[in-house]
Amino acid sequence: MKRRDFFLKSAGVGLGLGAAMSLGSFKTLTAGPSAFALPDMAAVRGGEPDVMFDRAIAAMGGMGHFVKKGQKVVVKPNIGWDVPPERAANTNPLLIKRIVQHCYQAGAKEVLAFDNTCDAWTKCYKDSGIEKYVKSAGGKMVPGNTEGFYQEIELTQGKRLKKVKVHELVLDADVFIDVPVLKSHDAAKLTISMKNLMGVIWDRRYWHRNDLNQCIADYATYSRKPDLVVVDAYNVMMKNGPRGVSKSDVVKMKAQIVTTDMVAADAAAAKMFGVDPASVRYIRLAHEMHAGNMDLSKLNISRIKI
Amino acid sequence: MNVHWLKKLRVAVSLLFLILTSLLFLDYRKMIPESWFSTVLSLQFVPSFLKFFTVLKISVFGFIVVIVMTLLFGRIYCSTICPLGILQDVTAYISRKFRSKRKGRYYYRKAKNILRYTILGITAVALVFGSTYLLLLLDPYSNFGRIMTYFVKPLLVWVNNLLSPLLARINVYYLYPVDLKPIKAAVYIVPVIILGLVLWLSVTRGRLYCNTVCPVGAFLGLLSKFSLFKFRFNTQACTGCHLCEFSCKSSCIDVVNRTVDETRCVTCFDCLTSCKLGAMNYTTRKALKTDPVIQPVQIRKSNRKTFNGDHDPGKRVFILGSLAFLAGIAGISKAKEYPKNAKPTTIPEKKNFPVTPPGSLSIRHFTDQCTACSLCIDACPTDVLQPAFLQYGLAGIMQPTMDYHSGYCNYDCVRCTEVCPTGAILPLKKEAKQTVQMGLAHFVKENCVVYTDETNCGACAEHCPTKAVHMIPYKEDLVIPETTDDICIGCGACEHACPTTPFKAIYVDGNEIHKLAKKPKEEKLENPLEKTEDFPF
């Protein structure tokens, strides 16, 4: 779907709703929680990244359900590596752009994106395509390259990670959206939404030195959880992750998961990858620490095929 | 002939060169495209000379242009192209704004021939025997580069870092903080001495540095003896008023004998502008062999003594100022504290050779060819290039080396190979660079977190661009690093990422001569969702 089409169609839906409202009761027409329960998760297959997000977020009740007028939204893609989009080491830029557009349509005052990258950050922002796409949608890229941006918080439930420095943007945000890309990972097996949050903290070396899996789970218990999690599984790096060596590491999975629970998101994405979620230690730990739910059978999932 | 526009032209061209050259070194945000570097620096004498004899290509002919220019017009190189020369003109000009006209006068002095030709001679002989050490210390372009890199850039970044948080508060992120890696204080010795000498001499004695210390100045001075255009007195018109002498920063105009020492003249045209009578000419014609009409007034010796170094309070201020500045720099770049690991590592990294940048062929080629201008250090986007202290021995002080504690070499980046003006780092295409093996990764199991703490880490393999460092099964759920030598390029990503302290569990030992690495193997992978259209949950 082109951007123009999207706007036209949205306008059409709006007009239709307006016309219908003049005829009858307002409440029965819009999908409020009272009408029927919203799903816990929307899983989509077979579309382009932006189209899949349109469908998924609509199933989750629309972006207006998460972003209110005048709010400050912070989007956290994975921009860890200085590689082009087709290598799938970073989140798909088209998806990020569409999320930023949805936020503005829902009335966001400003939409900001950042990552504490592994490779040189200016190169990552540029070569991932994310900087360009975020800016084209009216969003702003924020640096995460110096310690001055990070403020220390305490993790009351943390086992190995008791204190950690978090980017002030996450602490200031009204709405925080975690947009990881699903990838293989040398040490953690997979990197998805919980592992992606290693890019909002300052000292990653500390995590690596002090039981990486436990630290990832510890941080997932932090009270400032993402308000929305969007897992990009359009291009998926099956091997040599998280950086990847060449394009041959990547397969076109054309899938996406939208939910509010990081543990559930990671469990569903792991299954798509062909890995048992319980075999990924930080998913299991996070579930045991009640950071979220990895038992997908307990969830109301909207499954969408395009 | 009295052509005032010549001075204006000289000033305009020199400022253009000074600004462009400075920008290359001060571009801490790496915004200048690589292609600009060779264009702007093509006329720098020493780099062009060194590169010409390395690549043996006529395309690197900048120094020949300078020689021809000198044979035609005299040492205009020193006044318009040499950044260190122009920098001295600027400091001399500014310092004279704070002095009375009389105090700011230059006076004719005898040439310090023994000193300047000895320095030139030793530099040339050393060069013939293959040592560029003296060029490294004395090349004016490289010294200018170091002044920019060691003093001006840190200052600029410091200002940037003061302003950027203020702007961030109002959500303006155009200026972002820059994490400048500190340069070891010991490496500052040479730049501090040269900067001090250049400032002091330019303020007190004009271009004395260029006419005593600088080997390029001495060499071009010798050529200037044969130059077509020269400054010559019109003895009939000259009244011996000394105004040209007072304006001559090279102290090379002898009004008493009506001669100009062309070996020291930097062709700045100031004397042309100063003479109101048209008695000073810049011309191809030989001077008329006539006796002067008017004998000049002899200037009293007391007037000549404008500056007495021994009792100058400015000297003390200068030294104190330099110390304060150094302390300031040390303060700006204070070392970061890392939290310690649970169990400190015990086995030191054993590095036999320092790592030289990609395209530098070998430690030998690199150290022979590099004049330590520091341009690659400024151009490097990851700060992996840092000035060496003793890694290359005492003679290699300030030459850049790959410092993997400071950063690691970006897999797709070839910026240093494109900006190096001397041929110490030769141009490489991206694909070629990705198979240049600068060094080899060595894994020290006993230092590794997986071994000592029995928890997963994998930071090294995570960062490895070729998977020369990869994880293999260890115990139960644990995986431990393993290295494959033939696809390792020695980029240092593993060493940089390794979290253990004080010693790393994986480090890169340099290759004395760069080798060729194999390309990583590729294999076709299956999409796990391909077989079904449903969801696996």
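The values are calculated or read from the model by the stated rules, or taken from the named source; none is laboratory data. A quick note: this is a predicted structure, and the numbers were derived from the prediction, not measured. Heads up: the accessible areas ignore ligands, DNA and RNA and are worked out on the full protein's heavy atoms, side chains in. Shrake-Rupley method; radii C 1.70, N 1.55, O 1.52, S 1.80 Å.
From its DSSP helices (H runs of at least four residues, each -39,500 (n - 2.57)), the protein assembly as shown gives a residue-normalised ellipticity at 222 nm of -11000 deg cm²/dmol. When nucleic acids and ligands are ignored and a 1.4 Å probe is applied, B:Asp89 ends up with an accessible area of around 20 Å².
For chain B, just say rounded, prolate or oblate: build the C-alpha gyration tensor, square-root its eigenvalues into a ≥ b ≥ c, call rounded for a/c under 1.5, and beyond that prolate if a/b exceeds b/c, oblate if not. Judged from the Cα gyration tensor, chain B comes out prolate (a/c at least 1.5, a/b above b/c). When the surface is traced with a 1.4 Å probe over the full set of protein chains, A:Ile306 keeps roughly 80 Å² accessible. Ordered from highest to lowest accessible area with the whole protein assembly present and a 1.4 Å probe, B:Arg116, B:Arg99 read as B:Arg99, B:Arg116. The relative contact order of the stretch A:70-305, computed from alpha carbon pairs under 8 Å that lie at least 6 residues apart in sequence, is 20 percent.
Helices that extend 20 Å or more along their long axis by alpha-carbon positions and average at least 1.0 on the Kyte-Doolittle scale are, among the DSSP H runs of chain B, B:5-26, B:113-128, B:189-205, B:313-332. Remark: accessible surface ordering of B:Trp158, A:Trp202, A:Trp207 (largest first) is B:Trp158, A:Trp202, A:Trp207, probe radius 1.4 Å.
Just check the stretch A:210-269 against the gyration tensor rule for me: Cα atoms, a ≥ b ≥ c as the square roots of the eigenvalues, rounded for a/c under 1.5, and otherwise prolate or oblate depending on whether a/b exceeds b/c. Oblate, since a/c reaches 1.5 and b/c is not below a/b.
Applying the Karplus relation 6.51 cos²θ - 1.76 cosθ + 1.60 with θ = phi - 60° to the stretch B:516-526 yields 3J(HN,Hα) values of 9, 9, 7, 7, x, 6, 10, 9, 6, 10, 9 Hz, where x marks Gly and Pro. In terms of the Cα gyration tensor, with a ≥ b ≥ c the square roots of its eigenvalues, is the stretch B:415-537 rounded because a/c is under 1.5, prolate because a/b exceeds b/c, or oblate? Judged from the Cα gyration tensor, the stretch B:415-537 comes out oblate (a/c at least 1.5, b/c at or above a/b). Exceedance of the 18 Å cut-off in Cα-Cα distance is limited, within the set A:Lys165/A:Lys195; B:Lys350/B:Lys504; A:Lys165/B:Lys504; A:Lys76/A:Lys97; A:Lys162/B:Lys475; B:Lys8/B:Lys249, to A:Lys165/B:Lys504; A:Lys162/B:Lys475. If one computes the Cα centroid of the stretch B:470-537 and of the stretch B:41-75, what distance in Å separates the two points? One Cα centre to the other: 46 Å.
Accessible surface of B:Arg29, taken over heavy atoms with a 1.4 Å probe and every protein chain present, rounds to 40 Å². Largest accessible area first, the listed residues A:Phe114, B:Phe535, B:Phe219 line up as B:Phe219, B:Phe535, A:Phe114 when surface is computed with a 1.4 Å probe on the assembled protein chains. Distant-in-sequence amide contacts of A:Leu190, defined by a placed amide H-H separation under 5 Å and a gap of 5 or more residues or a different chain, comprise A:His185. With 24 Å as the limit on Cα-Cα distance, the pairs of A:Lys123/A:Lys159; A:Lys69/A:Lys140; A:Lys183/B:Lys445; B:Lys7/B:Lys225 that go past it are A:Lys123/A:Lys159; A:Lys183/B:Lys445.
Protein heavy-atom accessible surface, 1.4 Å probe, per residue over the stretch A:70-305: 30 Å². Listed values for the stretch B:365-381 are Karplus-derived 3J(HN,Hα) couplings in whole Hz (6.51 cos²θ - 1.76 cosθ + 1.60, θ = phi - 60°), namely 4, 5, 6, 6, 9, 8, 9, 6, 6, 6, 4, 5, 4, 6, 7, 5, x, and x replaces Gly and Pro. Expressed as a whole percent, the accessible area of chain B that falls on carbon and sulfur atoms is 65 (1.4 Å probe).
Our note on the geometry: Cα centres of the stretch B:203-252 and the stretch B:265-280, 10 Å apart.
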